[in-house]
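To start, the structure under review is shown below, and the notes come after it.
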Amino acid sequence: MTLTLVLGFAALAFVALLALLWSRWPAWLKGLLVVGVTLFYFFADDLVHSLWGWPSSDALPARFVLLAAVIDEPSAKRPGGLYVWVNALEDGKPNAQPRAFRLPYSKDLHALLNESMKKAREGVSQLGTSEPKVGRTGLSWLRPGSDEQVVKLGDLPVPQLPEK
């Protein structure tokens with residue numbers, strides 16, 4: 001799949017090169033072609049990274065089950081990050097496919113994830129919620145990124161079995 005994307009981009013770049021060298025297009029149109037192909041490269045690079053299983057920097061689902069967490073503490077050379085593997089809950093049921101997310105490092109969230117992972121190792125599943133930060137200005141129709149949300153974790157309620 002990724003080889004197909006790389007070859008497709010190489011073919012697009014080759015056609016753009018031919019258009020730049022041998023066409024009689026005006027200079028502004030050639031410049032627009034260069035800008036368009038450059039922007040497409042960055043879009044395709046982001047797409048390939050999401051296909052390879054890199055953690056998403058998108059916002060966490062509104063409700064999820066925490067499966068695992070890895071903490072990368074910041075240093076002088078790296079900003080650090082919190083990596084979580086979650087299963088989104090839809091209609092009270094977990095999705096079939098879990099997803100990895102990258103959250104910016106914060107000490108509060110680091111401590112919360114440590115406590116939740118200790119409970120998860122003891123067999124207590126952890127339910128998480130994420131909400132947009134209060135007081136954020138901007139367009140309401142845009143979905144917040146991972147740095148613009150409040151994450152809360154707690155114990156997953158024990159399912160009630162029906163009486164016999």
Flagged pairs (Cβ under 9 angstrom, 6 or more apart or on separate chains; first in segment 1-26, more than 14 Å from Thr38 (Cβ to Cβ); second part of a loop (DSSP other than H, G, I, E, B)) are Thr2/Trp52; Ala19/Trp25
Among (1) within 15 Å of the chain's Cα centre (by Cα); (2) touching a residue at least 40 places away in the same chain (Cβ under 8 Å), Asp45 falls short only on (2)
Those residues of segment 128-144 which are surrounded by fewer than 17 Cβ atoms within 10 Å (Cβ to Cβ) and either among the charged types (D, E, K, R) or at pLDDT 90 or above (or both), in sequence order = Thr129, Glu131, Lys133, Arg136, Arg143
Every listed condition ((1) out of contact with any Pro (no Cβ under 9 Å at 6 or more places or on another chain); (2) of a type outside the set (Phe, Trp, Tyr); (3) surrounded by 12 or more Cβ atoms within 10 Å (Cβ to Cβ)) holds for Ala27 save (3)
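The values are calculated or read from the model by the stated rules, or taken from the named source; none is laboratory data. If you're wondering where the values come from, they're calculated on a predicted model, not measured in any experiment. For neighbour counting, all protein chains shown are included, and Cβ atoms are generated from backbone atoms with ideal geometry for every residue, glycine included.
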